[in-house]
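No value in this document is a laboratory result; all are computed from the given coordinates. This is a predicted model, so every value here is computed, not measured. Every residue, glycine among them, receives a Cβ derived from its backbone with ideal geometry; neighbour counts consider all protein chains shown.
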Amino acid sequence: DERTLVLVKPDGVQRGLVGEVISRIERKGLRLVALELKDVERSVAEQHYAEHAERPFFGELIEFITSGKVAAMVVEGPRAIAAFRQIAGGTDPVEKATPGSLRGDLALETGSNIVHGSDSPESAEREIKLWFG
Ligand code: ATP
């Protein structure tokens, strides 16, 4: 089985959607193996989004992810990385995420799209170390 790092971002935590996210993960058949509500240090945020460091929205992205608590979790199961990205939906909640996905059902803006999920085994390994040590 595979592991992936899932974050409920500050917008999702503030809107009370942690339970909804966990519920969809569990109903899909994936398992929760770690869960912690965390304040996000700037250095962790910058390392997490290092691949976007040169993008014009990087500053906003760091401000946003450090603006409140996140629910960080390690999720496990067969093809967990792709399975969670299916549950999350595409990055743009209107143009890309389909109805039935978390973003498709519950979000409007790319900058506040509720959840993060690792995009590859290499990212998952790096991100799980970063968030859970
Ligand atoms: P995540 O990494 O959060 O799971 P993703 O893999 O779907 O999202 P990425 O392309 O890796 O999408 O972008 C990471 C995050 O950066 C997005 O989830 C979104 O919050 C933010 N982001 C991406 N593109 C933009 C943009 N054009 N404007 C504002 N924010 C953006």
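Where the centroid of each part is defined by its Cα atoms, how far is region 78-102 from region 1-77 in Å?
What the calculation gives is 14 Å, centre to centre.
DSSP loop GluC sites (Glu not before Pro) in region 1-91 with at most 16 other Cβ atoms within 10 Å of their Cβ, which ones?
When the GluC sites (Glu not before Pro) of region 1-91 are filtered for loop state and at most 16 Cβ neighbours within 10 Å, Glu41, Glu54 remain.
For the chain, give me the percentage of DSSP beta bridges that are antiparallel, rounded to the nearest 5 percent.
95 percent
Which values of log₁₀ I(q)/I(0), to two decimal places, follow from the Debye formula for the chain at q = 0.10, 0.19 Å⁻¹ with a uniform point scatterer at every Cα?
The Cα Debye sum returns log10 ratios of -0.28, -1.11.
Tally Lys/Arg at +1 and Asp/Glu at -1 over every other residue whose Cβ is under 15 Å from the Cβ of Glu20; what's the total?
Cβ neighbours under 15 Å give a net charge of +3.
Considering only Ser101, Ser123, Ser23, give the residue with the highest GNM mean-square fluctuation for the chain, with springs between Cα atoms whenever their separation is below 10 Å.
Ser23
With +1 assigned to the C-beta of every Lys and Arg and -1 to the C-beta of every Asp and Glu, and no other charges, what is the dipole magnitude of region 2-132 about the Cα centre in debye, to the nearest 20?
My answer is approximately 480 debye.
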